[in-house]
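Chemist: Encoded as structure tokens, here's the structure I'll be asking about.
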Amino acid sequence: MNEYEHILYEQSEGIATVTVNRPKVLNALNEATVRELLACFASIRDNGEIGAVILTGAGEKAFVAGADIKELAQNNPVSGKQSALLGQSSFSAIENLGKPTIAAVNGFALGGGCELASACTIRLAADTAKFGQPEVNLGIIPGYGGTQRLARLVGKGRAMELILSGATIDAAEAMRIGLVNHIYPTTELMPAAHKLAQTILSKGPLAVKMSMEAIHKGLEVGLDEGLALEANLFGLCFATEDTHEGLNAFIEKRKPAFKGK
Ligand code: CO8
């Protein structure tokens, strides 16, 4: 049973599919949806049966066309800050889930939608997808992490241009600047996301988790600290059954059977 009002949740063979489901407003994120995403990802984090997540938008036009502009218009300085902090904590929960989240960007990913995709581990796009941070068109700035994550993904200069111009770019341009990894015809997007999720699921889940941690945390510190983090996590691998299984399976010329232990 779907326990959410604004998102759809499905779970099959270790993969959770989370669909933002407000197609009438191009899946715009109102506060209730942001809270549901927070709750949904907390439950995915604690669900041992789930190893990977696909995040997408309902309908044929949009991934997420941003924060809900009608709600935004009601803000005062205090509630505006609270709304930004709530969204940031929701998106940080996705980024730090410890399980890969693949954004299947099936249409407009604007403002909060581009920020949501940016918080995911990997972005795949339909050839019809459009990306942008149009906040300056509305007289606001990105508030769900866009000024921070976009620059980390595509570099400072490109993030500056996207955020200051409010321009919308197509999927090809998003791939050229490194915002998305691959582009597919719309009908092939979800199968491709599933295939990638299944590939990752076939690997050692602890190694996947530690790889993500090394990249995420390592990028926030200097090179020496990042390398120390990597070495520590590398050493930690040898405390896991999966590492011994993976190494022995290679030596014994058989497929590894990882247990996440
Ligand atoms: N919020 C609320 N409603 C929206 C939004 C939105 N972001 N986007 C679209 N809608 C609604 C439209 O109002 C319309 O509703 P209605 O049918 O009742 O008139 C319906 O969705 C369909 O949209 P359009 O008719 O406009 O569809 P088009 O195909 O003509 O245009 C666009 C599609 C280009 C995507 C257009 O809808 C658009 O420009 N949308 C707004 C995009 C935008 O500016 N997004 C950024 C919002 S700001 C933001 O995300 C800040 C994030 C950080 C916030 C931190 C604090 C909370």
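The values are calculated or read from the model by the stated rules, or taken from the named source; none is laboratory data. Everything numeric in this text was worked out from a predicted model, so none of it was measured. Don't worry about glycine lacking a Cβ; one is built from the backbone with ideal geometry, like all the others, and counts go over all protein chains shown. Just the protein is used for accessible areas: all its heavy atoms, side chains included, with ligands, DNA and RNA removed. Shrake-Rupley method; radii C 1.70, N 1.55, O 1.52, S 1.80 Å.
Chemist: Filter segment 144-183 for residues that are among the hydroxyl-bearing types (Ser, Thr, Tyr) and within 18 Å of the chain's Cα centre (by Cα); which is farthest from Ile215 (Cα to Cα)?
Modeler: As a first pass, look at segment 144-183 and keep what is among the hydroxyl-bearing types (Ser, Thr, Tyr): 144, 147, 165, 168.
Filter again for within 18 Å of the chain's Cα centre (by Cα), leaving 144, 147.
Numbers: Tyr144: 21, Thr147: 19 Å.
Residue satisfying both the conditions and the ranking: Tyr144.
Chemist: Next up: Any residue in segment 129-158 that's free of Cβ contacts under 8 Å to residues at least 24 places away in the same chain and assigned by TED's automatic domain parsing to the domain that holds Gln82: show its pairings with residues that are within 8 Å of the ligand (Cβ to nearest atom) and not aliphatic (A, V, I, L, M) at Cβ separation under 8 Å, as long as the two are six or more apart or on different chains.
Modeler: Ile141/Glu135
Chemist: Given the conditions (1) surrounded by fewer than 16 Cβ atoms within 10 Å (Cβ to Cβ); (2) assigned to a loop (DSSP other than H, G, I, E, B); (3) touching a residue at least 60 places away in the same chain (Cβ under 8 Å), report the number of the one that Lys261 does not fulfil.
Modeler: It is condition (3) that Lys261 fails.
Chemist: Sticking with this one: I'd like to check something: does segment 16-34 contain any residue that is away from the ligand (no atom under 16 Å from the Cβ) and open to solvent by 10 Å² or more (accessible area, probe 1.4 Å)? Walk me through how you get there before you give the answer.
Modeler: Residues of segment 16-34 away from the ligand (no atom under 16 Å from the Cβ): 16-19.
Narrowing the set further to residues that are open to solvent by 10 Å² or more (accessible area, probe 1.4 Å) leaves 17, 19.
Yes, there is a match, as at least one residue in segment 16-34 is away from the ligand (no atom under 16 Å from the Cβ) and open to solvent by 10 Å² or more (accessible area, probe 1.4 Å).
Chemist: If you scan segment 43-73, which residues turn out to be more than 9 Å from the ligand (Cβ to nearest atom), part of a helix (DSSP H, G or I) and either in contact with a helix residue (DSSP H, G or I) (Cβ under 7 Å, 6 or more places away or on another chain) or of a type in the set (A, V, I, L, M, F, W, C) (or both)? Can you show your working first?
Modeler: First pass over segment 43-73, keeping only residues more than 9 Å from the ligand (Cβ to nearest atom): 43-60, 63, 73.
Still in the list and also part of a helix (DSSP H, G or I): 43-45.
The one that is more than 9 Å from the ligand (Cβ to nearest atom), part of a helix (DSSP H, G or I) and either in contact with a helix residue (DSSP H, G or I) (Cβ under 7 Å, 6 or more places away or on another chain) or of a type in the set (A, V, I, L, M, F, W, C) (or both): Ile44.
Chemist: Next up: Give the residue, chosen from Gly87, Gly112, that is closer than 12 Å to Ala62 by Cβ and open to solvent by less than 10 Å² (accessible area, probe 1.4 Å).
Modeler: Values: Gly87 fails: closer than 12 Å to Ala62 by Cβ.
None of the others qualify; the one that does is Gly112.
Chemist: Shifting gears a bit: Just to be sure before I move on: is Ala103 in a helix (DSSP H, G or I) and under 21 Å from Asn2 (Cα atoms) in the structure I sent? Break it down into steps so the answer makes sense when it comes.
Modeler: Numbers: in a helix (DSSP H, G or I): no; under 21 Å from Asn2 (Cα atoms): yes.
Considered against the rule, which asks whether it is in a helix (DSSP H, G or I) and under 21 Å from Asn2 (Cα atoms), Ala103 comes out as no.
Chemist: Return only the number of the condition from (1) of a type in the set (Gly, Ala, Ser); (2) in a helix (DSSP H, G or I); (3) free of Cβ contacts under 8 Å to residues at least 12 places away in the same chain that Gly246 does not satisfy.
Modeler: (3)
Chemist: Can you find a residue that is of a type in the set (A, V, I, L, M) and within 19 Å of Thr128 (Cα to Cα) anywhere in segment 213-227?
Modeler: Within segment 213-227, the subset of a type in the set (A, V, I, L, M) is 214-215, 219, 221, 223, 227.
In the following step, the residues that additionally are within 19 Å of Thr128 (Cα to Cα) were identified as none.
No, segment 213-227 contains no residue that is of a type in the set (A, V, I, L, M) and within 19 Å of Thr128 (Cα to Cα).
Chemist: Filter segment 74-100 for residues that are within 25 Å of Met175 (Cβ to Cβ) and either of a type in the set (Val, Ile, Thr) or in a strand (DSSP E or B) (or both) and give the result.
Modeler: Of everything in segment 74-100, just one residue is within 25 Å of Met175 (Cβ to Cβ) and either of a type in the set (Val, Ile, Thr) or in a strand (DSSP E or B) (or both), namely Ile94.
Chemist: Name the single residue, out of those in segment 106-151 being among the aliphatic types (A, V, I, L, M), near the ligand (Cβ under 9 Å from one of its atoms) and not in a loop (DSSP other than H, G, I, E, B), that is farthest from Thr168 (Cα to Cα).
Modeler: Start the filter on segment 106-151 by keeping residues that are among the aliphatic types (A, V, I, L, M), which leaves 109-110, 116-117, 119, 122, 124-126, 129, 136, 138, 140-141, 150-151.
Right, trim to near the ligand (Cβ under 9 Å from one of its atoms) and you get 110, 138, 140-141.
Those still in the list that are not in a loop (DSSP other than H, G, I, E, B) too: 110, 138.
On the way: Leu110: 8, Leu138: 14 Å.
Going through the qualifying residues, I end up with Leu138.
Chemist: Quick one: what pairs do we get from segment 34-63, first residue hydroxyl-bearing (Ser, Thr, Tyr), second within 15 Å of the ligand (Cβ to nearest atom) and modelled with pLDDT of 95 or more, C-beta under 7 Å, 6+ apart or different chains?
Modeler: The qualifying pairs are Thr56/Phe63; Thr56/Asn106.
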